[in-house]
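Note sheet for the following structure.
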Amino acid sequence: MAGYDHDLFVIGAGSGGVRAARLSAGTYGARVAIAEEHRVGGTCVIRGCVPKKFLVYASEYGHAFAHAEGYGWTAEAPTFDWPTLIRNKDDEIDRLSAIYWRNLENAGVEVIEDRAVLEDAHTVRLVKQDKTVTADKILIATGSTPYRPYELEGQEHAITSNEAFHLEKLPEHVVVAGGGYIACEFAGIFNGLGAETCLLYRGDTVLRGFDMDVRTAVHAELKRKGVRVITHTVFEKIEELAPGRYLCRLSNGSKIECDCVMFAIGRVPNTDGLGCAAAGVAVTDKGAVRVDAFSRTNVDNIFAVGDVTDRVQLTPVAIREGAAVAKTMWTESPETFDHATIASAVFTQPPVGTVGLTEAAARKEFGAIDIYKSDFRPMKHMLTGDEERVMMKLVVRRSDQVVVGVHMVGVDAGEIIQLAGIAVKAGLTKAQWDETCAVHPTVAEELVMMREPFTPPELKAAE
Ligand code: NDP
């Protein structure tokens, strides 16, 4: 190892890369450098989870002032100022990025502000500095970037989530394309902040891959809150009518005029121009770095974690992969991260919380399952007049009564699912959930109060 400039060179200072670098240097004593071409913190901190959550909080106030009236408050014509929100959000992102940087340095990691490209299995070129450095081991943690449909005429007029965080003004009329996490979250953000919002989705119900009850609830709620949801439709062309004014021609023959078009149609791994071929690192046909369970590529000394591996594109997953790979690299006890049963949230309004198998997946895997379901108006809205509801669902394997899935749409779902995730990961049975005493009055108490398996109405009618 002494013959190399570094024991470990990490490409990309996002969630996975930073965790692996800090542990490698701070805990395992390796000589580590990390290169970042944009800003330390990566997608999550700079242009993903963190700024998104601030925008979600901001947009929730759009309804909160009206809700407060039911509780006796009067808020005279509240106004919203987008530049203030963006400035405050940017200040916080600066603070967090600086903390990430400081933590790396405190762990003894050399932080290099440059683009790093693989030249061979042990050599990395620093593009701005125009020099090469060598390392015994290399970790690719370059993340992912929003996908753009380059074949679509006029696609250059559209933004992605990257640009959405830096718009000079709140759009008056925005068309968001996609039906996944980002599209649904941003449709809620723009709508809550007062923009006329249209969601354009190629399928029939948003959030494909989620439990069907979650999808139906989110889809209905988007519409109820005022988002115009157009299904089975994609863009045919985007025309610029005037600066900042666009005409979207749609595959269903209709047209929409707007001042902002946003793609949220998936993310692609950042391997373009990374030099994977030069180093002999195999990538998939989608451009993701191929890794085994230990995040090892086909090249012995090169590893990869996070979105660039296209396993599960979530920050906490990248962090866990980063921690596991550091242990694998520097100890005699290689570690894998179990990608099963990962809880996640979609910050729609209301939010989604989900962990474990969907009803359909559980039925396919186990055959006989029991479903416990609840759908109710949360107490808070009894005085606000809002018709928003909560949907909760437990998926139980009938053979041993283990709860294998929990799905929720409703207030605080993101917070609640974190704890439900512990119970699902621990493999607790429905009876053990039921032994747990309720916390009253809360939304979450319903999770331990569902006693009767759900029978679909058509079966009930036949009984
Ligand atoms: P997703 O993969 O979640 O969704 C992509 C959406 O775009 C789908 O609805 C898909 O339709 C649609 N789509 C894909 N290609 C096209 C196309 N060519 N034309 C039209 N529509 C298309 O991607 P996102 O961009 O929303 O998010 C990327 C990932 O980031 C997520 O999977 C998630 O892992 C992560 N993320 C997590 C968040 C969280 O934890 N809260 C927040 C934001 C992102 P179809 O359903 O038909 O395939």
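The values are calculated or read from the model by the stated rules, or taken from the named source; none is laboratory data. It should be emphasised that the depicted structure is a prediction, and the values quoted were computed from it without experimental measurement. Positions of Cβ are generated from backbone atoms using ideal geometry, with glycine treated the same way; all protein chains shown enter the neighbour counts. The protein model used for the area step is the full one, side chains on, heavy atoms only, and it has no ligands, DNA or RNA in it. Shrake-Rupley method; radii C 1.70, N 1.55, O 1.52, S 1.80 Å.
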Anything in segment 169-197 that is closer than 26 Å to residue 77 by Cβ, in contact with a helix residue (DSSP H, G or I) (Cβ under 8 Å, 6 or more places away or on another chain) and not in a helix (DSSP H, G or I)? List them, or say none. 169, 170, 171, 174, 194, 197
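In segment 225-245, what residues are under 19 Å from residue 149 (Cβ atoms) and open to solvent by less than 30 Å² (accessible area, probe 1.4 Å)?
Matches in segment 225-245: 230, 233, 235, 238.
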When segment 398-414 is checked residue by residue, the ones that are assigned to a strand (DSSP E or B) and open to solvent by less than 10 Å² (accessible area, probe 1.4 Å) are 403, 405, 406, 407, 408, 409
Subset of segment 62-114, residues modelled with pLDDT of 95 or more, outside any helix (DSSP H, G or I) and open to solvent by less than 70 Å² (accessible area, probe 1.4 Å), comes to 70, 72, 107, 108, 109, 111, 112, 114
Which ones in segment 256-276 are polar (S, T, N, Q) and either farther than 24 Å from residue 337 by Cβ or within 16 Å of the ligand (Cβ to nearest atom) (or both)? 270
Yes or no: residue 427 on the phi > 0 side of the Ramachandran plot and more than 16 Å from the ligand (Cβ to nearest atom)? yes
Given (1) more than 30 Å from residue 299 (Cα to Cα); (2) within 16 Å of the ligand (Cβ to nearest atom); (3) touching a strand residue (DSSP E or B) at 6+ places or on another chain (Cβ under 9 Å); (4) open to solvent by 30 Å² or more (accessible area, probe 1.4 Å), residue 167 misses just (2)
Name the pairs whose Cβ atoms lie under 9 Å apart, with the first residue in segment 139-157 and acidic (Asp, Glu), the second within 9 Å of the ligand (Cβ to nearest atom) and at pLDDT 95 or above, and 6 or more positions between them or separate chains? 153/235
Looking at segment 55-67, I want the residues that are in contact (Cβ under 8 Å) with a residue 60 or more places away in the chain and have a partner that is of a type in the set (Lys, Arg) and surrounded by fewer than 19 Cβ atoms within 10 Å (Cβ to Cβ) with Cβ atoms under 9 Å, at least 6 apart or on another chain. Which pairs are those? 67/380
Using beta carbons and a limit of 6 Å, which pairs, at least six apart or on different chains, have the first residue in segment 329-349 and more than 18 Å from residue 219 (Cα to Cα) and at pLDDT below 95 and the second one more than 16 Å from the ligand (Cβ to nearest atom) and open to solvent by 50 Å² or more (accessible area, probe 1.4 Å)? 341/425
Which of (1) more than 16 Å from the ligand (Cβ to nearest atom); (2) within 22 Å of the chain's Cα centre (by Cα); (3) in contact (Cβ under 8 Å) with a residue 40 or more places away in the chain is the odd one out, the single condition residue 279 does not satisfy? (2)
Selected residue (only one of 2, 25, 30 is among the hydrophobic types (A, V, I, L, M, F, W, C) and modelled with pLDDT under 95): 2
Residue in segment 282-299 that is nearest to the chain's Cα centre (by Cα), counting only those that are open to solvent by 40 Å² or more (accessible area, probe 1.4 Å) and touching a residue at least 24 places away in the same chain (Cβ under 8 Å): 286
Against the definition (outside any helix (DSSP H, G or I), over 26 Å from the mean Cα position of the chain (by Cα) and of a type in the set (A, V, I, L, M)), how does residue 274 come out, yes or no? no
Whichever residue in segment 35-82 is within 27 Å of residue 386 (Cα to Cα) and of a type in the set (S, T, N, Q) and, among such residues, is farthest from the ligand (Cβ to nearest atom): 74
Anything in segment 109-123 that is closer than 18 Å to residue 4 by Cα and within 30 Å of the chain's Cα centre (by Cα)? List them, or say none. 109, 110, 111, 112, 116, 117, 118
Looking only at segment 420-457, count every residue that is in contact (Cβ under 8 Å) with a residue 24 or more places away in the chain and part of a helix (DSSP H, G or I) and tell me the total. 10
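For segment 201-253, name all the residues that are outside any strand (DSSP E or B) and of a type in the set (Phe, Trp, Tyr).
201, 210
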Requiring at least 2 residues that are away from the ligand (no atom under 16 Å from the Cβ), the strands (runs of 3 or more DSSP E) wholly within segment 286-367 are 302-304
